[in-house]
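Step one of this worksheet: look at the structure below.
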Amino acid sequence: MATAPEVNTRGTVTHNAADLLRRQRESLFPSVALYYENPIEIARGDGFRVWDGDGNEYLDFFGGIVTVISGHAIPEIIGPVQEQLAAVSHTSTLFLIPSQIALAEQIIDRAADPALSRVFFTNSGTEANEAAFTLSAIARGNPEFIALRHSYHGRSFATLAATGQSTWRPTSISGINVSYVGNPYCYRCPYGKEYPSCDLFCAKDVEAVIQTATNGHPAAFIAESVQGVGGFVVPPPEYFGVVKEILDRYGVLYIADEVQTAWGRIGEAEFGWQHFGVTPDMFVFAKGLANGLPIGGICTTDAIAGGVRTLDISTFGGNPISSTGALANLAYLTTHHLRENAKVVGDYLMDRLREVQERHPLVGDVRGLGLMIGVELVRNRATKEPATAYLARVQNLAKERGLVIGKGGFHGNTLRLSPPLTITKTEADICVRVLDEVFGIIEAEGALT
């Protein structure tokens, strides 16, 4: 029997963490993973801070998996959502939804490219990528795709097939055919080369994959502008330009997966493809758009959107609640200049983390754009042996010191830092201080080679 929840001094409901863990393990799929040796409930949030069920306070440097982009419990976002909820919560796309239409117009404006003029809303990034695969297959009459190794595009039947990590693929059976090319992971080049003397071999190899691993005219190439689950891997500046030139010669569409990189998180631009200066045939989005409310979608051209000749609806995609929240969130991001803040504070945090890297051999690489930063841990800098076994310990020690951070990377050895874009240099300094201390503790234990 479940333990009855308690009401704490703030008047909010709390739960016994041990009892919650037992119930979670008894009722949810075993594959649903949890952070920490002693998992916690995030019971409350305010800005870039969160509290667990026991009232312990943390700096949130993961933002609900790169989703809470403006911060927790923002009145300017909550207010419009509450008003919409009180008016009507759901209608579906069979009816006119003013907030959905206005949101589509804003996304088109932010794309700022006349070719990208049509939007379709979904419930998540996974569903948005499914839509991108469907549209590409219709446009090209072909179910073949090219994806990057170490990629992650979702957990549905088709998107799993395009996810280049075996740890996230419970089956290899799929309705689409996917060929993989080495990712632009300069720290661990899959071709054993070094940038820039490599002459962008990883990008040019896309042509060899088209010629040898496909029928010569695949539907599309899909790539995250910065690999998320793959460990915040940032391609060289010229990478997508070289790839796009190859794709255009073969008539292959380019899908930019912006699920984690959109809405100013990278600081440099609204979307990752804008930062790299290459316009895709379509881009998908989700996560941070509504600051935690479920929404995703795809933006593409008139020609590709017009290729859908059948009836089409979305029961929940772009519903009045989520689209109202998204509009309020975009307004908050703009009026508070959060993209610009992501650039300033992100650059500062990267510089401070590289100072930490100089002091700690545990840190092999620091990389990222804006407030999307990866810290890769190694047992030995010379061999780059992944320090996978230590990442969970780093997370636990950081939690004990009031810092919530994410993890990722193909080897499971990369810390992912993706806080709300409202953080200041003060919070960046706290994060650095905590990690500096935690790395020192682990190194003092003498386990590294």
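The values are calculated or read from the model by the stated rules, or taken from the named source; none is laboratory data. Predicted, not measured: the structure shown is a model, and the values here were computed from it. Positions of Cβ are generated from backbone atoms using ideal geometry, with glycine treated the same way; all protein chains shown enter the neighbour counts. What goes into the accessible areas is simple: the full protein's heavy atoms, side chains included, and nothing from ligands, DNA or RNA. Shrake-Rupley method; radii C 1.70, N 1.55, O 1.52, S 1.80 Å.
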_Conditions (1) of a type outside the set (A, V, I, L, M, F, W, C); (2) within 22 Å of the chain's Cα centre (by Cα); (3) at pLDDT 95 or above: number failed by residue 166_ = (3)
*Among residues of the stretch 66-80, those that are over 17 Å from residue 322 (Cβ atoms) and either open to solvent by less than 10 Å² (accessible area, probe 1.4 Å) or aromatic (Phe, Trp, Tyr) (or both), counted*: 2
*Which is under 17 Å from the mean Cα position of the chain (by Cα) and open to solvent by 10 Å² or more (accessible area, probe 1.4 Å), of 440, 412?*
412
*Tally the residues that are open to solvent by 80 Å² or more (accessible area, probe 1.4 Å) and not in a loop (DSSP other than H, G, I, E, B), restricting the search to the stretch 171-200.*
1
*asked:* Test of understanding: among 377, 327, 349, 353, which residue is in contact with a helix residue (DSSP H, G or I) (Cβ under 8 Å, 6 or more places away or on another chain), open to solvent by less than 10 Å² (accessible area, probe 1.4 Å) and within 24 Å of residue 291 (Cα to Cα)?
replied: 349
*Do we find that residue 55 is in contact (Cβ under 8 Å) with a residue 40 or more places away in the chain, open to solvent by less than 50 Å² (accessible area, probe 1.4 Å) and under 21 Å from residue 330 (Cα atoms) in this structure?*
no
*Checking residue 63 against (1) in contact (Cβ under 8 Å) with a residue 60 or more places away in the chain; (2) in contact with a strand residue (DSSP E or B) (Cβ under 9 Å, 6 or more places away or on another chain); (3) open to solvent by 50 Å² or more (accessible area, probe 1.4 Å), which single condition isn't satisfied?*
(3)
*Only residues in the stretch 201-214 that are within 13 Å of residue 249 (Cα to Cα) count as the first member; pair them with residues that are surrounded by fewer than 17 Cβ atoms within 10 Å (Cβ to Cβ) and modelled with pLDDT of 95 or more, Cβ under 6 angstrom, at least 6 apart or cross-chain, and list the lot.*
210/250
*Among the residues listed as 203, 208, the single one being at pLDDT 95 or above, within 30 Å of residue 385 (Cα to Cα), aliphatic (A, V, I, L, M) and surrounded by fewer than 16 Cβ atoms within 10 Å (Cβ to Cβ)*: 208
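Conditions tested, residue by residue: (1) over 18 Å from residue 273 (Cβ atoms); (2) assigned to a helix (DSSP H, G or I).
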{"residue": "80", "(1), (2)": "yes, yes"}
{"residue": "92", "(1), (2)": "yes, no"}
{"residue": "99", "(1), (2)": "yes, yes"}
{"residue": "128", "(1), (2)": "no, yes"}
{"residue": "131", "(1), (2)": "no, yes"}
{"residue": "135", "(1), (2)": "no, yes"}
{"residue": "159", "(1), (2)": "yes, yes"}
*Tell me which residues, restricted to the stretch 248-275, are in contact (Cβ under 8 Å) with a residue 40 or more places away in the chain, crowded, with 24+ Cβ neighbours inside 10 Å and in contact with a Gly (Cβ under 8 Å, 6 or more places away or on another chain).*
257, 259, 260, 261, 263, 264, 265, 266
*Any idea which residue in the stretch 287-317 is surrounded by the most Cβ atoms within 10 Å (Cβ to Cβ), counting only those that are polar (S, T, N, Q) and over 15 Å from the mean Cα position of the chain (by Cα)?*
300
*Could you check residue 100 against (1) in contact (Cβ under 8 Å) with a residue 12 or more places away in the chain; (2) more than 22 Å from the chain's Cα centre (by Cα); (3) surrounded by fewer than 13 Cβ atoms within 10 Å (Cβ to Cβ) and say which number it fails?*
(3)
*Among the residues of the stretch 356-382, write down those that are more than 19 Å from the chain's Cα centre (by Cα) and without any contact (Cβ under 8 Å) to a residue 60 or more places away in the chain.*
357, 358, 377, 378, 381, 382
*Is it the case that residue 45 is closer than 29 Å to residue 257 by Cβ and either in contact with a strand residue (DSSP E or B) (Cβ under 7 Å, 6 or more places away or on another chain) or polar (S, T, N, Q) (or both)?*
yes
*Tell me, yes or no, whether the stretch 223-243 has at least one residue that is of a type outside the set (Asp, Glu), free of Cβ contacts under 8 Å to residues at least 40 places away in the same chain, open to solvent by less than 40 Å² (accessible area, probe 1.4 Å) and part of a helix (DSSP H, G or I).*
yes
*Out of the residues in the stretch 34-49 that are surrounded by 16 or more Cβ atoms within 10 Å (Cβ to Cβ) and among the hydrophobic types (A, V, I, L, M, F, W, C), which is modelled with the highest pLDDT?*
48
